[in-house]
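Some notes on the structure that comes next.
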Number of protein chains: 2
Amino acid sequence: MIMIFAPDGIGEVGADAALAQMIITAVRADQGGPLRDGDILVVTSKIISKAEGRSAPAAEREAMITAEAVSTVAQRGPLRIVRTRTGLVQAAAGVDNSNVSAELILLLPADADASAARLRAELQALTGLRLGVIISDTAGRAWRMGQTDHAIGASGVRVIERYAGRTDAYGNPLLVTEMALADELAAAADLVKGKLAGRPVAVVRGRSDLLTDEPETATDLVRDAGSDFFRYGSREAVLVALLAATGQAERFEALAGLSDDELAAAVLERCDPADATLVERILRSA
Amino acid sequence: MIMIFAPDGIGEVGADAALAQMIITAVRADQGGPLRDGDILVVTSKIISKAEGRSAPAAEREAMITAEAVSTVAQRGPLRIVRTRTGLVQAAAGVDNSNVSAELILLLPADADASAARLRAELQALTGLRLGVIISDTAGRAWRMGQTDHAIGASGVRVIERYAGRTDAYGNPLLVTEMALADELAAAADLVKGKLAGRPVAVVRGRSDLLTDEPETATDLVRDAGSDFFRYGSREAVLVALLAATGQAERFEALAGLSDDELAAAVLERCDPADATLVERILRSA
């Protein structure tokens, strides 16, 4: 049995806030509190970003997205899905203007695993308890509507449960099953935190078996782009291959945001005229 | 606060099993039991498939995957990620041989939303309670390692929470936030069910506000393929565009499983010889 609760009263988090103490106090005042040995805390990345001063003026939004992004994954007009420096695939690189004052935007924590490790160390030092920390963010998915919360930082928690080598009750080996536990913990926590109630922290109680001193991190959940079948959106995959085949691979980032007509014109500009008809047909089929 | 527990003692589920009664009995014997008004039951699709007789001989695995699949999304050798008749994107169309005897495979429920509605009606009739039912399955994701449980069937539960039109505490409108609650409920339930413990049903207690009589279903969570940026794997997207541009679009399903060399040979076979060099270069860049 697990119990999940999200205390009220964390309040506004400023730069350099004493987040660990704020969380301990808020949990203590909750009916589920105080913290117990083996609890896993799921902390919304937004308050980590605030405590770490990861904000910027709202007017710099596009520049910040570009700075946070390593590569474009898919783009349609103003919507840019990118791979971030830490490997996350996120719309707008996770740059967001919700739950922050209107003139500011928030960036994701620079290294959410390190943030989780620091917060865990502080929480454990202040309480004397063995705890786990997950930092969660909200993201869209391929193939499915809506968003879910998943783990972008973790410390002291097993992030993946590997069943390889284990057999079910029928003796069948479970070859491919690897459950992304940290993502499931983050998703579960969202069910009590919500997005509007001012409850950015949840406590998951009842899976103390998931606590670990192994150096597992949420980065373990990031699939290497090189082995990812879905490294690019379908249209972008065609563009990447076409640019590579026509000797203009380096133009991908510059061209990815263009409309269909602009894109065809830009790509054809540097193609062998003999290839123009086929190149245009392929682009129109993408 | 929510509480999630997974009762022991559901036992082996045969074809035409009285699943509702089995669940009620098992929950009653659990420390979290009996069922209460507002509980949401998350039921692993496997036992629904068993109760509905959705099994086949293990030797028919490939034929069954083909029968369940509407289109290939990505394929590398024996690994086939397909879109199923119900719109799910799933490795091997969800055809699985775990937690079933070695000579059998299980297919996903034919219509998991209908299965959820039937089970909910039975559970409510037997208990007199207002309940929700989600049918969960385990699936991989783009961009992230590991699998999570998500919802493939739902009845009586709000599957998506739409924040559009609502504002946060700072007055910012939450334009794009739509949380896939049913997927988060399924993920949360996996944290207590696991894959090996013989606990295929979890009860989520504490979110009775999510119960609804609106006709929401897990199919609402399926993104329409036509609007999906990630409709195909990157390699498959290139192949689709190339085949369309060279007048052989209908060959995609037949060619998707070929190795790089076989694929180049097969595509070039029907291309204008003048295009051969570019076509091969594009395929090699995919």
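Given a Förster distance of 25 Å, report the FRET efficiency between residue B:214 and residue B:18 from their Cβ-Cβ distance, rounded to the nearest 0.05.
Efficiency, rounded to the nearest 0.05: 0.30.
Is there a quick way to get the dipole size of the stretch B:102-250? I mean about its Cα centre, with the Cβ of Lys and Arg at +1 and of Asp and Glu at -1; what is the value in debye to the nearest 20?
440 debye
Taking 0.36 nm per residue of sequence separation and subtracting the Cα-Cα distance, how much length would be gained by fully extending the chain between residue A:276 and residue A:197, in nm to one decimal?
22.9 nm is the gain from fully extending residue A:276 to residue A:197.
Would you mind computing the Rg to Rh ratio of the protein assembly as shown from its alpha-carbon coordinates, Kirkwood style for Rh?
0.98
With all protein chains present, how much of the accessible area of the stretch A:147-286 (probe radius 1.4 Å) comes from carbon and sulfur, to the nearest whole percent?
48 percent
What accessible area per residue comes out for the stretch A:183-286, rounded to a whole number of Å², with a 1.4 Å probe?
Normalised by residue count, the accessible surface of the stretch A:183-286 is 40 Å².
Label points 7 Å out from Cα along the Cβ direction at residue B:251 and residue B:102: separation in nm?
A separation of 4.2 nm, rounded to one decimal place.
Average partner chain C-beta neighbours within 10 Å, per residue of A:3-16?
Other-chain Cβ atoms within 10 Å of each residue's Cβ, averaged: 2.
Between B:64, B:179, B:145, find the one with the highest GNM mean-square fluctuation for chain B; connect C-alpha pairs within less than 10 Å.
Fluctuation is largest for B:145.
Quick one: check the C-alpha center-to-center distance for the stretch A:162-178 versus the stretch B:132-169, whole angstrom.
Comparing the Cα centres of the stretch A:162-178 and the stretch B:132-169, I get a distance of 25 Å.
What number do you get for the stretch A:183-286 when its Cα radius of gyration is normalised by 2.2 N^0.38 Å, N = residues?
1.75
Toward the positive end of the charge dipole of chain B, about the Cα centre and with charges on Cβ (Lys, Arg +1; Asp, Glu -1), which of B:167, B:237, B:212 goes farthest?
Of the candidates, B:167 comes out farthest on the positive side.
Tell me which lysines have Cα within less than 24 Å of residue A:193's Cα, excluding those fewer than 8 residues away on the same chain?
Within the straight-line limit of under 24 Å, residue A:193 reaches these lysines: A:46, A:50, B:193.
Count, for each residue of B:265-274, the Cβ atoms from other chains sitting within 10 Å of its Cβ, then give me the mean as a whole number.
1
Rounded to the nearest 20 debye, what is the charge dipole size of the protein assembly as shown about its Cα centre when +1 sits on each Lys and Arg Cβ and -1 on each Asp and Glu Cβ?
840 debye
Ignoring ligands, DNA and RNA, how much accessible area is buried between chains A and B, both sides summed, with a 1.4 Å probe, to the nearest 100 Å²?
When A and B are taken together, about 7600 Å² of accessible area is lost.
Under a point-charge model restricted to the Cβ atoms of Lys and Arg (+1) and Asp and Glu (-1), what is the dipole moment magnitude of chain A relative to its Cα centre, in debye to the nearest 20?
540 debye
Running Debye on chain A with equal point scatterers at the Cα sites and no solvent, what base-10 log of I(q)/I(0) appears at q = 0.09, 0.15, 0.16 Å⁻¹?
The Cα Debye sum returns log10 ratios of -0.52, -1.10, -1.20.
State the three equivalent ellipsoid semi-axes of the stretch B:1-95, derived from the C-alpha gyration tensor as the square roots of 5 times its eigenvalues, in descending order and whole Å.
The three semi-axes for the stretch B:1-95 are 33, 17, 10 Å.
Can you give the Rg and Dmax of the stretch B:155-201 based on its C-alpha atoms, in angstrom?
15.5, 47
For the stretch A:64-207, compute the orientation-averaged projected area of the C-alpha convex hull (one quarter of its surface), in nm².
Convex hull of Cα atoms, orientation-averaged projection: 11.9 nm².
In Å, what Kirkwood hydrodynamic radius results for the stretch B:137-248 from the alpha-carbon pair distances?
Evaluated on the stretch B:137-248, it is 17.1 Å.
What do you get for Rg/Rh over the stretch A:82-167 if you use C-alpha atoms and the Kirkwood form of Rh?
1.05
The values are calculated or read from the model by the stated rules, or taken from the named source; none is laboratory data. This is a predicted model, so every value here is computed, not measured. Heads up, the Cβs are rebuilt from the backbone with ideal geometry, glycines too, and the neighbour counts pull from every protein chain shown. Just the protein is used for accessible areas: all its heavy atoms, side chains included, with ligands, DNA and RNA removed. Shrake-Rupley method; radii C 1.70, N 1.55, O 1.52, S 1.80 Å.
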